[in-house]
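As structure tokens, the structure follows; a few thoughts come after it.
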Amino acid sequence: MNFWEAAFMAAMVTVTLIGFAANKILDVDFTVFFRRNWKSTKCRKMLAQRKGPWQGTTVQGEIRRAFDLVLLPLGKADKGLLPARMDRNFRRRMEGQIELLERRKLCREIRMTDIIPLPKNAFRHWSDDGREWRESVLQCSALERLLPKEGGRPVHTVYRKNARLRLLQSRHIRSCDRAGKQKSYYADKATINCPSCGAEVELRSQQTVCPYCGGVIQSDFYDWQTESFGMYEQMGANQEKALWLLAWGGILYVCLFLCLWLIQDAMISLAVGVGAAVLILAAVIAVSTITYGKQEKLEQEIVRYSENYLRSCISEALYPEGNHPDRMDYSVGTIRLKQVVNTEETTTITVQVYISETHLPQGRKPHTRKYKRTLVLQRARYPQRRKQDGKLFTERECPSCGANFVPDENHCCTFCGYSFRVDSAKWVVQTDRV
């Protein structure tokens, strides 16, 4: 079979097989062509909002309040609206972003429509490293704009059809409350009876005032601390499946073409080509599975491993005090463990981290830079066995929330629950390679 015959035959077989697979895998949705799903229609809908993005939605109140703690300060470019309970690194990141917006006399407005809270209009809960975590993701169409504070046309506009807004929060779990592997430790503390008048009061902060008698209720450890916030665009399930089919179709076409061109018998060449494509696909899946299993194995070699805490330490090391004059935002994304070395006293790890930075130069539109770095970090192998040096009951600044207070009898911040014994668990950068 000559070159062009082999190319034509390979194309015909590939299109037939991919079309059959697409008919079985993909869910054809023609609603994307409806007028209500056009970009212009959705943008007009979001710009017409007068009572906020939650108008007409069924998103539960707790999720709305959690996202408003981040969206409102950005929309007003006002640091005074930031919540009291925030991770120190995240607070520094938010304050740096707001300060840059104030210097540029801008505010960052994020509007949403067609909001679907995941998973199932609730938070996803889990526990690790002495903290309880919860995460909420909003699936929506989003319109992000940089607006002059004095009014006027937007300086920059970004429309995301398949946007995701992710919010992560945590709270300390007291040692006396750690009974069993629970997903939620203080879920029953959302409402309590006022000790003064007996009325049912909803706890929304560390200190709540009873609306009936005016009594002050302290709710230590029960409220949540904001750890991170991010917005990104994610492909739909059909788009992801279509890309996988397209990639496999390319592999299949190359294998069929080479076999049809080099092997004279058409039936044998077709069988060999399809078999080779299947073997290549199986090899890709096997490599992915082995890589994922290696990551899990390396994580198990680290005592009390917490990816969120590692990300916080990396963020603090890469972005110390003193912001870049044009850097509006930054984030530490995927972390991949490459090596773990344990000694009797220390744990040393080599990680590859993916960084994203957004810059806002004077008089220009923002641009995003993405790159990866390889870091070698070290910490105590058994951090829970170390004790904090110095006097216990001495007022100090909490490294988590920044509050000044006297640590309690468990060496914890009485405001956010941060354990001072984790100072020895802090990952310290030994080597940094871009």
Picking from Gly293, Gly275, the residue that is open to solvent by less than 50 Å² (accessible area, probe 1.4 Å), modelled with pLDDT of 90 or more and under 29 Å from the mean Cα position of the chain (by Cα) would be Gly293
Can you name the number of the only condition in (1) touching a helix residue (DSSP H, G or I) at 6+ places or on another chain (Cβ under 8 Å); (2) open to solvent by 40 Å² or more (accessible area, probe 1.4 Å); (3) farther than 30 Å from Arg145 by Cα that Ala22 fails?
(2)
Val341 versus (1) under 18 Å from Val376 (Cβ atoms); (2) exposed (fewer than 11 other Cβ atoms within 10 Å of the Cβ); (3) without any contact (Cβ under 8 Å) to a residue 24 or more places away in the chain: which is the lone unmet condition?
(2)
Six or more apart or on different chains, Cβ atoms under 6 Å: show the pairs whose first residue is in the stretch 270-286 and under 11 Å from Cys255 (Cα atoms) and whose second is of a type outside the set (Asp, Glu) and open to solvent by 50 Å² or more (accessible area, probe 1.4 Å).
Ala277/Ile251; Ile280/Ile251
Residue satisfying all of: in the stretch 296-309; of a type outside the set (Lys, Arg) and modelled with pLDDT of 90 or more; nearest to Leu377 (Cα to Cα) among these:
Ile302
Can you tell me how many residues within the stretch 34-80 are open to solvent by 60 Å² or more (accessible area, probe 1.4 Å) and part of a helix (DSSP H, G or I)?
14
Might you let me know whether the stretch 185-201 holds any residue that is of a type in the set (Phe, Trp, Tyr), buried (at least 19 other Cβ atoms within 10 Å of the Cβ) and modelled with pLDDT of 65 or more?
no
Sort through Glu132, Glu102, Glu144 and tell me the only one that's free of Cβ contacts under 8 Å to residues at least 60 places away in the same chain and under 20 Å from the mean Cα position of the chain (by Cα).
Glu132
Looking at (1) more than 29 Å from His324 (Cβ to Cβ); (2) surrounded by 11 or more Cβ atoms within 10 Å (Cβ to Cβ), can you tell me which one Lys105 breaks?
(1)
List every residue pair whose Cβ atoms sit under 8 Å apart, with the two residues 6 or more apart in sequence or on different chains, where the first one lies in the stretch 47-70 and is aliphatic (A, V, I, L, M) and the second, anywhere, is part of a helix (DSSP H, G or I).
Val70/Met94
Conditions first: (1) outside any loop (DSSP other than H, G, I, E, B); (2) touching a helix residue (DSSP H, G or I) at 6+ places or on another chain (Cβ under 8 Å). Thr348 passes all but one, so which condition is the exception?
(2)
Could you check the stretch 348-360 and list, in sequence order, the residues that are more than 13 Å from Leu310 (Cα to Cα) and of a type in the set (S, T, N, Q)?
Ser356, Thr358
Options Cys255, Cys259: the member that is without any contact (Cβ under 8 Å) to a residue 24 or more places away in the chain and either open to solvent by less than 30 Å² (accessible area, probe 1.4 Å) or touching a strand residue (DSSP E or B) at 6+ places or on another chain (Cβ under 9 Å) (or both)
Cys259
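The values are calculated or read from the model by the stated rules, or taken from the named source; none is laboratory data. For clarity, every value in this text was computed on a predicted model and none was experimentally measured. Backbone-built Cβ (ideal geometry, glycine too); neighbour counts: all protein chains shown. We work out accessible area using only protein heavy atoms, side chains counted, and drop any ligands, DNA or RNA first. Shrake-Rupley method; radii C 1.70, N 1.55, O 1.52, S 1.80 Å.
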